[in-house]
Amino acid sequence: MAIRWGLCGAGKISHDFSVALKTLPAEDHQIAAIASRSSDRAKEFAKKHSIPKVYGSYEELARDPDIDIVYLGVLHTEHWKVGLLFLQAGKNVLCEKPFAMNSRQVKDLVEAARKTNVFLMEAIWSRCFPVHAEVRKLLAEEAVGEVKLVKAYFGSPQLHIPCSVEKELGGGALLDIGVYCLQFVLMVFNGERPESVQASGVLLDSGVDESVVVVMKFSRKRMALCAFSIAARFSNDAVISGTKGSIRVLGPMHCPTTLVLNDKKTEYPLPEPCLPLNFTNSTGLRYEAEEVRQCLLKGLKESPRMPLADSVLLTEIMDEIRKQVGVVFSQDRK
């Protein structure tokens, strides 16, 4: 039986997610409904993606008994409020990253999911890519010996995009793209809390971070270095250096198709999209959709690839980075 998806939000990421779902078997995944606060946008979206049900409010989607899981593709600033709406209505939720604006909000979402006994996952799609699965396998086999340093870089010039630069829209390099570098480090170190986090960054006039460098120290003399920017283009790769070699995830490291183990390169091609995409390698969203399906079939309430504890720790680290760099959102004061 197909997993019946309800899409919340008719923006660019929901479009790409819909296109990605079409690369999977129709008997496994179906988009049953789309909800947007603008009924016109929802209708237009439904027409483009052949979605049978259209809702002009999120509340209507939350009440639909024929939805197995809601994909939350709204603005960062909306994740907490809208996430709670669906979780309290007893709906399983896949919420786009960043999970929420701070760790307090993330803990609220986790608590709500546990209270209503539903599935909840932060949509860190990177974790579901074959390249990341191979990285975890190589680390488990100690293919590069003991890991000593992890480096992850993500720079993408997007100062022209309002939601990247405006504080009221949850902008800044950290929440938008830095999250990918940090989650990679946590994946390599198995969700271990760093012993120390040191961050330095520069802010835009709007008060959000433009570029940030983070150094983290972990137990057993292991280190991590992350750099991310919404003003410059970086190599966007990630490197794991160990006592016996290195693993390199070639850019784009957040949705990768190429892995290099020492000098051996392996490619993991993506399927072609049926419609133009808004973001790089977006058909790779299929991997997280299938991960969700497998979790629901097994009756799991969270994904072993992106456990809720990792999401909480990730946001706590981001809170600390923002504190050091000097980025404060209105959500922090509540």
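The values are calculated or read from the model by the stated rules, or taken from the named source; none is laboratory data. Computed from a prediction, not measured in an experiment: that's the story for all the values here. For neighbour counting, all protein chains shown are included, and Cβ atoms are generated from backbone atoms with ideal geometry for every residue, glycine included.
Would it be correct to say that E141 is surrounded by 21 or more Cβ atoms within 10 Å (Cβ to Cβ) and either without any contact (Cβ under 8 Å) to a residue 24 or more places away in the chain or of a type in the set (D, E, K, R) (or both)? Break it down stepwise before answering.
Values: surrounded by 21 or more Cβ atoms within 10 Å (Cβ to Cβ): no; either without any contact (Cβ under 8 Å) to a residue 24 or more places away in the chain or of a type in the set (D, E, K, R) (or both): yes.
Considered against the rule, which asks whether it is surrounded by 21 or more Cβ atoms within 10 Å (Cβ to Cβ) and either without any contact (Cβ under 8 Å) to a residue 24 or more places away in the chain or of a type in the set (D, E, K, R) (or both), E141 comes out as no.
Considering only segment 224-296, give the strands (runs of 3 or more DSSP E) lying wholly within it that have at least 3 residues that are within 29 Å of G11 (Cα to Cα).
none
Return a yes/no flag: does segment 23-44 have any residue that is aliphatic (A, V, I, L, M), more than 23 Å from F279 (Cα to Cα) and assigned to a helix (DSSP H, G or I).
no
If I go through segment 45-59 residue by residue, how many of them are surrounded by 15 or more Cβ atoms within 10 Å (Cβ to Cβ) and either under 13 Å from L7 (Cβ atoms) or among the aliphatic types (A, V, I, L, M) (or both)?
8
Go through segment 86-99 and report how many residues are within 18 Å of G299 (Cα to Cα), aliphatic (A, V, I, L, M) and not in a helix (DSSP H, G or I).
Summing the residues that are within 18 Å of G299 (Cα to Cα), aliphatic (A, V, I, L, M) and not in a helix (DSSP H, G or I) in segment 86-99 gives 2.
Which ones in segment 15-25 are under 20 Å from R37 (Cβ atoms) and surrounded by 24 or more Cβ atoms within 10 Å (Cβ to Cβ)?
F17, S18 - these are the residues of segment 15-25 that are under 20 Å from R37 (Cβ atoms) and surrounded by 24 or more Cβ atoms within 10 Å (Cβ to Cβ).
Does V292 satisfy being assigned by TED's automatic domain parsing to the domain that holds A224 and closer than 22 Å to H79 by Cα?
Values: assigned by TED's automatic domain parsing to the domain that holds A224: no; closer than 22 Å to H79 by Cα: yes.
Against the criterion (assigned by TED's automatic domain parsing to the domain that holds A224 and closer than 22 Å to H79 by Cα), V292 does not qualify.
Name, by its number, the condition in (1) farther than 15 Å from C181 by Cα; (2) aliphatic (A, V, I, L, M); (3) surrounded by 15 or more Cβ atoms within 10 Å (Cβ to Cβ) that does not hold for M253.
So the condition that M253 fails would be (1).
Being of a type in the set (S, T, N, Q) and on the phi > 0 side of the Ramachandran plot: is that true of N278 here?
It is false that N278 is of a type in the set (S, T, N, Q) and on the phi > 0 side of the Ramachandran plot.
Within segment 175-201, track down each residue that is among the small types (G, A, S), closer than 21 Å to S229 by Cβ and not in a helix (DSSP H, G or I).
The answer is A199, S200, G201.
Filter segment 305-334 for residues that are assigned to a loop (DSSP other than H, G, I, E, B) and over 18 Å from K107 (Cα atoms) and give the result.
R305, G326, V327, V328
Mind checking whether some residue in segment 270-280 is charged (D, E, K, R) and surrounded by 15 or more Cβ atoms within 10 Å (Cβ to Cβ)?
Within segment 270-280 (the criterion being charged (D, E, K, R) and surrounded by 15 or more Cβ atoms within 10 Å (Cβ to Cβ)), the answer is no, since none of the residues qualifies.
Yes or no, residue by residue, for (1) modelled with pLDDT under 95; (2) outside any helix (DSSP H, G or I); (3) crowded, with 24+ Cβ neighbours inside 10 Å:
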residue: K81; (1), (2), (3): no, no, no
residue: M101; (1), (2), (3): no, yes, yes
residue: V106; (1), (2), (3): no, no, yes
residue: K115; (1), (2), (3): no, no, no
residue: R136; (1), (2), (3): no, no, no
residue: P157; (1), (2), (3): no, yes, no
residue: C163; (1), (2), (3): yes, no, no
residue: G171; (1), (2), (3): no, yes, yes
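Could you grab me the full set of residues in segment 282-296 that are over 13 Å from T23 (Cβ atoms) and aliphatic (A, V, I, L, M)?
If the condition is that a residue be over 13 Å from T23 (Cβ atoms) and aliphatic (A, V, I, L, M), then V292, L296 are the ones that fit.
Residues being within 21 Å of the chain's Cα centre (by Cα) and surrounded by fewer than 19 Cβ atoms within 10 Å (Cβ to Cβ): count how many of those fall in segment 238-247.
Step one: list which residues in segment 238-247 are within 21 Å of the chain's Cα centre (by Cα), which gives 238-240.
The next check asks that each one be surrounded by fewer than 19 Cβ atoms within 10 Å (Cβ to Cβ); those that pass are 239.
Looking only at that region, the number is 1.
Any residue at all in segment 117-134 that is crowded, with 16+ Cβ neighbours inside 10 Å, more than 30 Å from E60 (Cα to Cα) and touching a strand residue (DSSP E or B) at 6+ places or on another chain (Cβ under 7 Å)?
yes
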